[in-house]
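The numbers here are math on the coordinates, done by the rules we state, and not lab data. All figures in this text were calculated on a predicted structure; none of them were measured in a lab. Cβ atoms come from the backbone with ideal geometry, glycine included; neighbour counts cover every protein chain shown.
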Ligand SMILES: C[S@@+](CC[C@H](N)C(=O)[O-])C[C@H]1O[C@@H](n2cnc3c(N)ncnc32)[C@H](O)[C@@H]1O
């Protein structure tokens, strides 16, 4: 396989995980083999685009990586919608622009290299945070959700997908064990699992579902619903 993720297959010194060119080159394969439920969420995004993508509104993909979510949005939105993909990794943004340019759906789009902390949300019917908030400093997460809520139109929806943790230590242990079993089933070795985990320490910082719900509520979202949970990965829909 040309773009198989083998980045952590040989013994190495631990250094913090980054969304650099090497990661961008194998990212499609990495996320599909590392995030249980990822394919289902792409279908959820298509469903949301069809149901909530209001004519003449904007749809945001915050932390767009290679553009997989932006493409799903664009392919399922009314032609008068505008998709805005945002990512702060230059390696991701250049590949994302290339991927988007090959798609000829009618909805317009732009891909911006920017911190999502600086993204102004405006006239939004849909906002997607697909495994991005977990990489943002914990102190900044509430402000991001506040800004999203402020820029959304009434009736709009936010999809927040994250790796989550659990208050009860038995549950935390069980879900982590099952998740690592899932990764081995995808062909990752024990060494790969251990080295990736070490690289993500303090880079990907999960919250509990309860913490996410509390933040969404504080931002103003009245209704939140879990739409996916696979081991320690979960997604919430939040409606304005
Ligand atoms: C796990 S990936 C997201 C996957 C993508 N949403 C998808 O559906 O395929 C996280 C992305 O968030 C980006 N990112 C992390 N922190 C960011 C920030 N502060 N601002 C913008 N992008 C950020 C990373 O560069 C990376 O591409």
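Rounded to the nearest 10 degrees, the angle from helix 209-219 to the longest Cα principal axis of the chain is 30 degrees.
Relative to the current alpha-carbon distance between residue 46 and residue 94, full extension at 0.36 nm per residue lengthens the span by 14.9 nm. By how many degrees, between 0 and 90 and to the nearest 10, does the Cα long axis of helix 169-185 differ from the longest principal axis of the chain? For 169-185 against the chain, the angle is about 90 degrees.
For segment 1-56, the Kirkwood hydrodynamic radius from C-alpha pairs, put into Stokes-Einstein at 25 °C and a viscosity of 0.890 mPa s, yields a diffusion coefficient of 177 µm² per second. The helix-only estimate of mean residue ellipticity at 222 nm for the chain, built from DSSP H runs of length n ≥ 4 each weighted as -39500 (n - 2.57), is -13000 deg cm²/dmol after division by the residue total. For residue 114 and residue 174, a Förster radius of 22 Å and the Cβ-Cβ distance give a FRET efficiency of 0.05, rounded to the nearest 0.05.
The stretch between residue 102 and residue 4 holds 33.1 nm of extra length on full extension. This uses 0.36 nm per residue minus the Cα-Cα distance.
When Rg and the Kirkwood radius Rh are both evaluated on Cα atoms of segment 22-173, their ratio Rg/Rh stands at 0.96.
When its C-alpha radius of gyration is set against 2.2 N^0.38 Å (N residues), segment 133-240 gives a value of 1.19.
Relative to the longest principal axis of the Cα atoms of the chain, the long axis of helix 141-151 lies at roughly 20 degrees. Counting only the Cα atoms, segment 68-121 fills a convex hull of 69 Å³ per residue.
Taking every alpha-carbon pair under 8 Å whose residues sit at least 6 apart, the chain reaches a relative contact order of 22 percent.
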